[in-house]
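As structure tokens, the structure follows; a few thoughts come after it.
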Amino acid sequence: MDYDTINLLGLQPDDIQDLNIVRNNDVIIISVTLTAKDYTCPACGSLLSQVKDYQLKKINHSIFNMNKTLIHYRCRRLKCVDCGKTFVENNPFTQQKQRISNATILVVLKDCKRLNYTFSSIAEKNHISTSSVVNIFDQYVDMKSGHLPKVLSIDEFYLGKTWKNKFACIFIDWQTAQIIDIYPSRKKYDLYSYMQYINKKEFNNVQYVSIDMNPTYREFAYHHFKNVTVMVDSFHVVKNINDALKNLRIHVMYKFDRDSIEYYLLKQWNSLIMMRKGDIEDNLPRFNKKIGYSINKPQILELILHIDPVLKKAYLWKEDYLDFNEDYTYDNASSRYDELYNDLIKMSINEFKDVVSCLKNWRKEILNSFIYIGERRISNGPIESINGRIKILMKTSLKYKNFERLRNRIMFCINKDSLPIMTNEKKTNKTEGKKRGKYNKNK
């Protein structure tokens, strides 16, 4: 008797009456008959039964990933002596009316937690059809919404052009980096409608809300959560500043001839302007053919800043703001913030108009972003990381057409504590297709 195979089947030697293994091309076939036992009649509870006949059940069993494996299970059909009820013996391989083993289902669900695995690749790996993988996922994965946390982060990710709404809104617990829920719209009144289904007592849990510069999210937070502190992620403020500086650099660059040194410096060495001054490597001077002498990166930056006085002012202001963003705390940030804001207004740089507007309209929320919980500054960093992982899932998979399935897959993959629901109840997320129109069969 092959004890290794018995162990792979999760059985004991006493459970097996007959076992045979053959290989047919690339398919491994395990023929098995279980040891006869006493069974209770499901109708009358009698322990008296006799074998009526045998049925051959062919079960997909993923124990060897390199080859398709089938269990040819010789299943007894029993007949109750007392009431005449016919029933089948219990088996450890699969549930009733299933042709995929329990072990295969567990492997499929484990594979579904991997972001870079598509349903089709999981099906190929486990030698079953793609529709079978989808059906297993729909039956056993049903992610419930989490409770509203103390620190709530809100953001959106891109669904695609084929959806009714191109963006979905995502809510996460900032402290645990777990997804609370995903909603298929970021529109104001859709979000308001969504909140009607959440227990109002949970609203009091939320003390802080971290968002990007989306005014819809700000209004949403102040409307639903009392005494909440809303903060804008500092990354988005810095991004706006860098974008304005980039536009200014391009505007200055096109004032010069393409063959000039000024154009060359602003075009080829533009990364130096975007970097922090302290992060620029103080390397050994190297000969630069265009400039005509040996020079290092800090010296190249000085040449760039001497090209245009407005560009130099904007660069130095950017450096001051980044120092402020890194060094100040919530208690002392207000006065320095107003100084930087007034300095930017005095410079009156056309490319920085949006930055001025941003600093004016989001002052309260930007200053709130300096609040720390423990040793961590509240930001949208965790949710941006999750959005990056969602992009990987969306790129590697075929385009999802069923939002509920997409939501379950994202939360199942990313939430560390997510578990499948081990139930025999049949469930599916399939959507009804269009009804077929009338047609003439004989035509």
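The values are calculated or read from the model by the stated rules, or taken from the named source; none is laboratory data. What you see is a predicted model, and the numbers here were worked out from it, not measured in a lab. Ideal geometry is used to build each Cβ from the backbone, glycine not excepted, and the neighbour counts take in all protein chains shown.
Quick look at the values:
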{"read-out": "Hey, residue 384 in the same structural domain as residue 170 (by TED's automatic domain parsing) and part of a helix (DSSP H, G or I) or not", "value": "yes"}
{"read-out": "Boolean, residue 51 is surrounded by fewer than 13 Cβ atoms within 10 Å (Cβ to Cβ), in contact with a strand residue (DSSP E or B) (Cβ under 9 Å, 6 or more places away or on another chain) and β-branched (Val, Ile, Thr)", "value": "yes"}
{"read-out": "Hey, residue 365 free of Cβ contacts under 8 Å to residues at least 60 places away in the same chain and either closer than 22 Å to residue 310 by Cβ or assigned to a helix (DSSP H, G or I) (or both) or not", "value": "no"}
{"read-out": "All positions within the range 153-185 that are farther than 21 Å from residue 395 by Cβ and basic (Lys, Arg)", "value": "164"}
{"read-out": "Pair list, Cβ < 9 Å and 6+ apart or interchain, from the range 235-253 residues that are free of Cβ contacts under 8 Å to residues at least 24 places away in the same chain to residues that are outside any helix (DSSP H, G or I)", "value": "250/270; 253/270; 253/307"}
{"read-out": "Verdict on residue 353 being surrounded by 13 or more Cβ atoms within 10 Å (Cβ to Cβ), among the basic types (Lys, Arg) and either in contact with a Phe, Trp or Tyr (Cβ under 9 Å, 6 or more places away or on another chain) or not assigned by TED's automatic domain parsing to the domain that holds residue 214 (or both)", "value": "no"}
{"read-out": "Unique residue being over 24 Å from residue 420 (Cα atoms), of a type in the set (Phe, Trp, Tyr) and either in contact with a strand residue (DSSP E or B) (Cβ under 7 Å, 6 or more places away or on another chain) or touching a residue at least 12 places away in the same chain (Cβ under 8 Å) (or both) when the list is 119, 225", "value": "225"}
{"read-out": "From the options 368, 408, 361, 424, residue that is at pLDDT below 90 and among the polar types (S, T, N, Q)", "value": "424"}
{"read-out": "Odd one out for residue 79, checked against (1) surrounded by fewer than 15 Cβ atoms within 10 Å (Cβ to Cβ); (2) assigned to a strand (DSSP E or B)", "value": "(1)"}
{"read-out": "Qualifying residue in the range 371-378 (condition: in contact with a helix residue (DSSP H, G or I) (Cβ under 6 Å, 6 or more places away or on another chain) and under 27 Å from residue 153 (Cα atoms))", "value": "no"}
{"read-out": "Some residue of the range 37-44 being among the small types (Gly, Ala, Ser) and surrounded by 13 or more Cβ atoms within 10 Å (Cβ to Cβ)", "value": "yes"}
{"read-out": "Matching helices (runs of 4 or more DSSP H) fully within the range 229-277 where at least 1 residues are touching a helix residue (DSSP H, G or I) at 6+ places or on another chain (Cβ under 6 Å) and over 14 Å from residue 319 (Cα atoms)", "value": "234-253, 261-268"}
{"read-out": "Complete set of residues in the range 193-213 that are of a type in the set (Val, Ile, Thr) and closer than 10 Å to residue 152 by Cα", "value": "206, 209, 211"}
{"read-out": "Inter-residue pairs, beta-carbon under 8 Å, first under 17 Å from residue 365 (Cβ atoms) and in the range 315-331, second aliphatic (A, V, I, L, M) and outside any loop (DSSP other than H, G, I, E, B), 6+ apart", "value": "321/238; 321/241; 321/340; 324/333; 324/340; 325/237; 325/238; 330/367"}
